1. Take Arg69 and tell me if it is in contact with a Ser or Thr (Cβ under 9 Å, 6 or more places away or on another chain), touching a residue at least 24 places away in the same chain (Cβ under 8 Å) and not acidic (Asp, Glu).
2. Restricting to the range 39-75, give me the number of residues that are in contact with a helix residue (DSSP H, G or I) (Cβ under 6 Å, 6 or more places away or on another chain) and farther than 27 Å from Gln1 by Cβ.
3. For the structure I just gave you, tell me whether Leu125 is within 30 Å of Arg31 (Cα to Cα) and either in a strand (DSSP E or B) or of a type in the set (Ser, Thr, Tyr) (or both).
4. If we only count strands (runs of 3 or more DSSP E) wholly inside the range 1-59, which ones have 1 or more residues that are open to solvent by 10 Å² or more (accessible area, probe 1.4 Å) and of a type in the set (Gly, Ala, Ser)?
5. Can you pull out the residues in the range 60-78 that are part of a loop (DSSP other than H, G, I, E, B), basic (Lys, Arg) and buried (at least 16 other Cβ atoms within 10 Å of the Cβ)?
Amino acid sequence: QVSAALQTADATEKTGDDYAARLYLVFSDSRWNPLAVRTLVYIWDNRLPVETMLPSTWAVKRGRMAVLRSGNTHAGQWVWERRNVHADFVTAFGYEPPALRALVVAADTDQTGEAVTTLFDDVTLATEPVVP
């Protein structure tokens with residue numbers, strides 16, 4: 001749940017790289033080689049269409065962002081998402097994912113200076129579909 005989408009964020013520029021909500025999935029091989037780290041980030045953007053996949057502005061080769069929500073249509077409401085992370089990773093990077101090493105939830109407003117209240121509830125990783 002987010003209080004509102006950010007107004008001046010721009011996912012295509014470092015100076016606007018802020019999001020009302022982010023869920024990072026961090027993947028790496030067993031050696032935890034920093035150059036082998038890949039991030040798949042699900043975001044609540046302010047203007048890009050849902051299902052847009054784009055490179056991270058900070059880690060163009062190693063990070064991809066997938067827009068799950070956009071704008072204020074569902075701001076202030078609890079929303080539920082279900083994703084096939086494996087398929088999203090293959091779509092984003094073109095190969096099988098290495099091991100999932102970390103999951104991070106965040107709201108980010110350091111570039112725009114805006115304010116947002118973001119709430120996360122249970123995050124579940126499962127090998128079978130989960131029903132809300």
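1. For Arg69, the condition - in contact with a Ser or Thr (Cβ under 9 Å, 6 or more places away or on another chain), touching a residue at least 24 places away in the same chain (Cβ under 8 Å) and not acidic (Asp, Glu) - is not met.
2. Number of matching residues: 0.
3. So Leu125 fails the test.
4. 19-28
5. Scanning the range 60-78 gives a single hit, Arg62.
Every residue, every condition in (1) of a type outside the set (S, T, N, Q); (2) within 25 Å of Lys14 (Cβ to Cβ); (3) in contact with a His (Cβ under 8 Å, 6 or more places away or on another chain), yes or no:
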{"residue": "Ser70", "(1), (2), (3)": "no, yes, no"}
{"residue": "Trp78", "(1), (2), (3)": "yes, no, no"}
{"residue": "Glu81", "(1), (2), (3)": "yes, no, no"}
{"residue": "Ala106", "(1), (2), (3)": "yes, yes, no"}
{"residue": "Thr117", "(1), (2), (3)": "no, yes, no"}
{"residue": "Ala126", "(1), (2), (3)": "yes, no, no"}
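Here is a yes/no grid of residues against (1) surrounded by 10 or more Cβ atoms within 10 Å (Cβ to Cβ); (2) in contact with a Ser or Thr (Cβ under 9 Å, 6 or more places away or on another chain); (3) polar (S, T, N, Q):
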residue: Glu81; (1), (2), (3): yes, no, no
residue: His86; (1), (2), (3): yes, no, no
residue: Glu96; (1), (2), (3): no, no, no
residue: Leu103; (1), (2), (3): yes, no, no
residue: Asp110; (1), (2), (3): no, no, no
residue: Thr118; (1), (2), (3): yes, yes, yes
residue: Asp122; (1), (2), (3): no, no, no
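The values are calculated or read from the model by the stated rules, or taken from the named source; none is laboratory data. Given the structure is predicted, the values throughout are model-derived calculations rather than measurements. So basically every Cβ, Gly included, is an ideal-geometry build from the backbone, and we count neighbours across all protein chains shown. Keep in mind that these areas ignore ligands, DNA and RNA; they rest on the heavy atoms of the full protein, side chains included. Shrake-Rupley method; radii C 1.70, N 1.55, O 1.52, S 1.80 Å.
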